[in-house]
Amino acid sequence: QGLYLTRNTEQPSYLASFLDCLWARIIAAILWPLHVLAKKLVYQKIHSAIGISKAGINGGGSLPMHLDKFFEAIGVTVQNGYGLTESSPVVACRRPYCNVIGSIGHPIQHTEFKVVDSETGEVLPPGTRGIVKNPLATKQALDEDGWLDTGDIGWIAPHHLAGRSRRCGGVIVLEGRAKDTIVLSSGENVEPLEIEEAAMRSSLIQQIVVDQRRLAAIIVPNKDEVLQAAKVSSIVDPDAVDLGRDKMTSLLYEELSKWTSECSFQVGPILVVDEPFTIDSGLMTPTMKIRRDQVVAKYKEEIANLYK
């Protein structure tokens, strides 16, 4: 349908696009009976459990890709959007006729975006990652040229005349917050959100924060799930009612390594904590976002001990 997201700026040939489309239709035809069967046996139960059967709306930024793909697979159309308080607040959203998964859609009418280099402020071409800016904001938040620095890392999809990405040109993709970016000693930048989202696919991990200064991870485990996994793996006796700290840490590290194996960077040592991050403890915002700096500050000494 021309809604495949890519950062590649090279224009595909019409012949390659035709063959790609033909192959996709063949695969879709082969899988169609399985999809129909799953719709009757599985998807309907999921729709009933989540209370959504056709469509839903999400706001606040790009959904993790695995969630976007999941909802698409079960036939639920998710229209994702993005906005800031300073911009009153919606600035981009996905439309029903151009619902590109992995993105926040096109800018709304009369709204402009640009992506700039974090150090030089130079405007970057489509497909290149940088700081996302838009000009709708209060005077206190504007720069000298009238643009609002959103503080988000992202990129704008390039325009293609043909192929699977022909309808994606101009959609915006967010990949994290600039203030959360970890700069390694080698000068390379790491987006902790990528690692955290991958790790959260594990049923053993309830919450996770990757340290902004180092690639250590602070993990709140799902203790029941961890214990069950330990029993299945014969790490502990089937009748055990608890799991030692060392064994739990080892098991969680293996689990984390498995789920983040495709990420750009791997997490170093991990710190397992018992207390969940909550609003009452000051470790989450009222909108249920983890206060990364507060979590890291609370466990500062424990993190330092991991490197001794």
| request: Please label the shape of the chain as rounded, prolate or oblate, based on the square roots a ≥ b ≥ c of the eigenvalues of the alpha-carbon gyration tensor (a/c under 1.5 means rounded; beyond that, a/b larger than b/c means prolate, else oblate). | output: oblate
| Per residue, how much accessible area does segment 14-175 have with a 1.4 Å probe, in Å²? | 59 Å²
| message | Given a 1.4 angstrom probe, what's the average accessible area per residue across segment 216-308, in square angstrom? | response | 60 Å²
| Given 0.36 nm per residue, what is the gain on full extension from LEU19 to ALA304 after removing their alpha carbon distance, in nm? | 97.2 nm
| query | Is it possible to state the helix-based mean residue ellipticity at 222 nm for the chain, with each DSSP H run of 4+ residues giving -39500 (n - 2.57), the sum divided by total residues, to the nearest 500 deg cm²/dmol? What is it? | reply | -8500 deg cm²/dmol
| request: Return the carbon/sulfur percentage of the accessible area of the chain, one whole number, probe 1.4 Å, all protein chains in place. | output: 55 percent
| query | Put +1 on the Cβ of each Lys and Arg and -1 on the Cβ of each Asp and Glu in the chain; which of THR9, THR120, TRP155 then has its Cα farthest toward the positive end of the dipole? | reply | THR9
| query | Once you charge only the Cβ atoms, +1 for Lys and Arg and -1 for Asp and Glu, what is the size of the charge dipole of the chain about its Cα centre, to the nearest 20 debye? | reply | 1180 debye
| task | For LYS300, list the aspartates and glutamates whose Cα falls under 16 Å from its own Cα; do not include residues on the same chain fewer than 8 positions away. | result | ASP211, ASP274, GLU275
| Which value, in debye to the nearest 20, gives the size of the charge dipole of segment 189-306 about its Cα centre, when Lys and Arg are +1 and Asp and Glu are -1 at the Cβ? | 300 debye
| query | For the chain, modelled as a GNM with alpha-carbon contacts under 10 angstrom, which of ARG292, ARG25, ARG95 fluctuates the most? | reply | ARG25
| message | Going by average Cβ density within 10 Å per residue, which order do the peptides 234-244, 297-307 take, highest to lowest? | response | 297-307, 234-244
| query | When you count, for each residue, the other Cβ atoms within 10 Å and take the mean per peptide, how do 31-43, 221-233, 99-111 rank with the highest first? | reply | 99-111, 221-233, 31-43
| Is any helix in the chain, taking whole DSSP H runs, at least 18 angstrom long along its axis by alpha carbon and on average at least 0.5 on the Kyte-Doolittle scale, and which ones? | 14-38
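The values are calculated or read from the model by the stated rules, or taken from the named source; none is laboratory data. Because the structure is a prediction, the values reported are computed rather than measured. With ideal geometry, Cβ positions are generated from the backbone for all residues, glycine too; neighbour counts draw on all protein chains shown. Just so you know, the surface numbers come from the protein's heavy atoms only, side chains and all, with ligands and any DNA or RNA stripped out. Shrake-Rupley method; radii C 1.70, N 1.55, O 1.52, S 1.80 Å.
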